[in-house]
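Asks: There's a structure below that I have some questions on.
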Amino acid sequence: MRFNADGSIASAYRILGNTNRNCAGGATPWGTWLSCEETDLGYVYETYPLGGTAAVRRPAMGRFTHEAAAADPVRQVIYLTEDETNGCFYRFRPTTWGNLSSGTLEVLVAGTATSGPVSWARVPDPDGSPTRTRSQVSGAKRFNGGEGAHYADGICWFTTKGDNRVWAYDAVNQRIDLAYDDSLVSGTAPLTGVDNITGSDSGDLFVAEDGGNMEINIITPAGVVAPFIRLSGQSGSEITGPAFSPDGTRLYFSSQRGTSGSSSGGITYELRGPFRS
């Protein structure tokens with residue numbers, strides 16, 4: 001969907017077809033959209049939202065159960081999550097920034113701790129066959145169901161649904177930390193079913209739930225976690241694709257199966273600010 005500056009819908013059209021289980025994906029700084037296949041040996045496709053150019057498969061970015069992509073323009077890499085119970089966290093370093101046709105796929109290497117220094121190692125065979133990418137590097141850190149990813153100010157935030165966690169990879173200091181873990185919350189956890197993630201200019205994170213209370217929760221820079229918005233009567237659905245308009249005044253998100261619980265019953269919402277600045 002294309003919107004005018006005032007938020008009115010200008011047009012809608014398809015930019016990709018004939019793929020399997022396309023999931024979170026992510027934007028690039030040069031205006032394309034990376035669509036990620038959440039299937040064994042899935043591909044990343046680079047699509048062109050403005051139209052006029054056919055989508056391109058990007059096999060150099062690895063074949064695995066892709067979920068999300070987040071671009072880091074400072075280090076000129078793209079971070080990738082993997083939706084497997086023993087999945088990994090990757091980064092792709094293009095040979096030339098802005099051209100995803102070739103480059104190096106790397107996997108994060110660390111111990112079992114939830115915080116501390118990390119390193120990166122090259123994945124020998126990004127094609128993932130016969131040995132899957134997550135099984136090619138000794139010491140690759142495991143993440144339980146990688147979901148959304150969002151990069152801002154030197155940090156790539158990403159989520160894992162299997163343990164309801166939000167992680168922070170500090171690209172400047174080469175370390176990871178936990179930003180949220182529902183098992184560490186005393187009493188009832190405000191955020192469960194951790195899934196897609198985005199952020200605002202204020203530094204607030206917005207984390208969508210797959211199930212849970214069908215909420216988008218906010219995580220502030222001070223570490224406060226609280227419900228932001230809840231969808232009622234849609235317990236058979238999940239909230240997907242939270243994204244802000246370029247000027248930060250409108251938040252878009254979808255309910256995958258809406259009130260009907262059917263795959264054909266999805267609903268897309270617009271929420272107008274002002275938001276915290």
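Asks: Which of the residues that make up the range 124-136 are of a type in the set (Val, Ile, Thr), more than 21 Å from residue 35 (Cβ to Cβ) and either in contact with a strand residue (DSSP E or B) (Cβ under 7 Å, 6 or more places away or on another chain) or not in a loop (DSSP other than H, G, I, E, B) (or both)? Full working, then the answer.
Replies: Residues of the range 124-136 that are of a type in the set (Val, Ile, Thr), as a first pass: 131, 133.
Add one more test, that the residue is more than 21 Å from residue 35 (Cβ to Cβ), and what stays is 131.
Within the range 124-136, none qualify.
Asks: Turning to a different aspect of this structure: Would you confirm whether or not the range 137-147 contains a residue that is over 18 Å from the mean Cα position of the chain (by Cα) and either under 23 Å from residue 35 (Cβ atoms) or assigned to a strand (DSSP E or B) (or both)?
Replies: Within the range 137-147, one or more residues are over 18 Å from the mean Cα position of the chain (by Cα) and either under 23 Å from residue 35 (Cβ atoms) or assigned to a strand (DSSP E or B) (or both).
Asks: Further question on the same structure: Tell me, which strands (runs of 3 or more DSSP E) lie completely within the range 162-250 with 2 or more residues that are closer than 18 Å to residue 147 by Cα and β-branched (Val, Ile, Thr)?
Replies: Where strands (runs of 3 or more DSSP E) fall fully within the range 162-250 and carry at least 2 residues being closer than 18 Å to residue 147 by Cα and β-branched (Val, Ile, Thr), they are 194-199, 215-219, 239-244.
Asks: In contact with a strand residue (DSSP E or B) (Cβ under 8 Å, 6 or more places away or on another chain) and either free of Cβ contacts under 8 Å to residues at least 60 places away in the same chain or more than 16 Å from residue 78 (Cα to Cα) (or both), is that true of residue 117?
Replies: When the stated conditions are applied, residue 117 passes them.
Asks: Now a separate question. Residues that are free of Cβ contacts under 8 Å to residues at least 60 places away in the same chain and surrounded by 16 or more Cβ atoms within 10 Å (Cβ to Cβ): find the strands (runs of 3 or more DSSP E) completely inside the range 1-109 holding 1 or more of those. First the steps, then the outcome.
Replies: Numbers: elements: 9-11, 33-36, 44-47, 66-72, 77-82, 89-96, 99-109.
Ranges flagged: 33-36, 44-47, 66-72, 77-82, 89-96, 99-109.
Asks: Here are some residues: 164, 144. Which one is in contact with an Asp or Glu (Cβ under 7 Å, 6 or more places away or on another chain), surrounded by 18 or more Cβ atoms within 10 Å (Cβ to Cβ) and at pLDDT 95 or above?
Replies: Exactly one of 164, 144 is in contact with an Asp or Glu (Cβ under 7 Å, 6 or more places away or on another chain), surrounded by 18 or more Cβ atoms within 10 Å (Cβ to Cβ) and at pLDDT 95 or above, namely 164.
Asks: For residue 239, indicate whether it is in contact (Cβ under 8 Å) with a residue 24 or more places away in the chain, buried (at least 17 other Cβ atoms within 10 Å of the Cβ) and under 17 Å from the mean Cα position of the chain (by Cα).
Replies: yes
Asks: May I ask you to list the residues in the range 194-236 that are surrounded by 19 or more Cβ atoms within 10 Å (Cβ to Cβ), at positive phi and touching a residue at least 40 places away in the same chain (Cβ under 8 Å)?
Replies: 214
The values are calculated or read from the model by the stated rules, or taken from the named source; none is laboratory data. Not measured: the values here are computed from a predicted model. Neighbour counts run over all protein chains shown; Cβ positions are idealised from the backbone, glycine included.
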